[in-house]
Amino acid sequence: MVRKPDTIGARIRYWRMRRGGMTQAVLAGLAGVTQSYVSQVESGRKPIDRRSTLVALAAALQVTVADLLGQGTESGDPARESAAECVPAIWSALIEIEDGERRPSTYTAERLTAEIARADQLRNSCNYPAMARMLPGLLLEAAAVGGAALAQVAYLASTCLRHLGYRHLALNAARVSVSAAEDVDDRAWLGASRFVYAQSLPIESARLAAKSADRSLSELQGDASDVRVRQMLGQLHLMAALASTVDARPDVARAHLSEAAREAASLGDPADGGGFNGCCFGPTNVGLWKMSIAAEQGEYGKIIELSRTIRPQVLKASNRQLSYWLDIGRALADGGRRDSEALAAFIRAEQAAPIPFAINPLARDAVVTLAQRAQRRAIPDELRLLAGRIGINLAA
């Protein structure tokens, strides 16, 4: 038997009962899904694969998507708890920077460059707790210098905070990055900071994220002679494509995806596996975003088809390999007929990036769903081990 952890479905049921004992049928009607679907999600027999469904359920329950995901509020995972200890200091540093306060620098230029490079390496390996420990001091040191250094460190802070579930602080950090890039009129960093700003917006603000990306595309198009800017234009097209998909505007999404693919075809994959700011823009990354967009549309067969043409290992960011295997796993798990293959994919995802896999609510729910379906037969040892590594306890 499975001891249920605190899942998305459990939170949905909690908030449904808090809303005067709202029935599953009423919630289903408000969210535009079936009562059977709500029942399966609440019981853990079916995961939520689409951001748009999370948005609809959260709106019906009058809560945020973050409330349903438990992001930034829950303990229990060692990686999240380790990082959470540093969040107040990161927040304090961001407030100080936004208020215009600047402390004297205690780093040499060489040390600052080396520390930024180290933080970036931690981002590529998805070691967010270690990043979080660096960020309070590094933000203040970068603020003393300003310009591209502050734009980059604030970008790193935004990325780290978003992955840890602190989207409101990620948005603050993204604004700091945008402001720093504007101060020095660095068009490539302006593109990067606008990209991370759009990424940091709440899932509910998909249309706003798409509009923000559109504005940045228009503003930066005149600087496309700079390869770094072209890479960020491509990333902004990908961001706009995903946001438009969540916002139920598939035609707009296809147009942005087509532009991203065209740009990627002319640039190729970055020779060093990362490209400008480690954003990995090129044909491989476009393929990975296509898989994520197919997942949002519920096109699971398309995900498997796309995966056969993509080699994520050519990119150095481990979260790109995580995305690849997680999307494959969720596609294979749909319907319950290929659970052993789905488990193999989830194990590959966890091996690629253990920390973000363990704290990703959608990944955790996918593992719980496999376990729920395995209740009537012996739970595979591989599933029991994977669940244990990410803090899900299955009874013997």
Scattering profile of region 54-213 from the Debye formula, Cα beads only, expressed as log10 I(q)/I(0) at q = 0.14, 0.17 Å⁻¹, is -0.69, -0.98
Checking rank on 387-394, 124-131, 307-314, with mean other Cβ inside 10 Å and highest first, the result is 124-131, 387-394, 307-314
Per the rule of 0.36 nm per residue minus the C-alpha distance, extending Ser43 to Arg308 adds in nm 92.1 nm
In whole percent, the fraction of accessible protein surface over the chain that belongs to carbon or sulfur atoms, probe radius 1.4 Å, stands at 50
Packing-ranked peptide list from 6-15, 286-295, highest mean Cβ count within 10 angstrom first, is 286-295, 6-15
Rounded to the nearest 0.05, FRET efficiency between Ser36 and Ser340 (Cβ-Cβ, R0 30 Å) equals 0.75
About its Cα centre, the chain carries a charge dipole, from +1 on Lys and Arg Cβ atoms and -1 on Asp and Glu Cβ atoms, whose size in debye to the nearest 20 is 1540
Expressed per residue, the solvent accessible area of the chain in Å² (1.4 Å probe) is about 42
Only helices counted: for the chain, with every DSSP H run of 4 or more residues adding -39500 (n - 2.57) and the sum spread over all residues, [θ] at 222 nm is -22000 deg cm²/dmol
Rounded to whole angstroms and listed largest first, the alpha-carbon spread of region 271-396 along its three principal axes comes to 48, 28, 19
In terms of the alpha carbon gyration tensor, root eigenvalues a ≥ b ≥ c, rounded if a/c is under 1.5 and otherwise prolate when a/b exceeds b/c or oblate, region 4-50 is oblate
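The values are calculated or read from the model by the stated rules, or taken from the named source; none is laboratory data. Computed from a predicted structure; not experimentally measured. So basically every Cβ, Gly included, is an ideal-geometry build from the backbone, and we count neighbours across all protein chains shown. Surface areas here come from the heavy atoms of the whole protein model, side chains and all, with no ligands, DNA or RNA. Shrake-Rupley method; radii C 1.70, N 1.55, O 1.52, S 1.80 Å.
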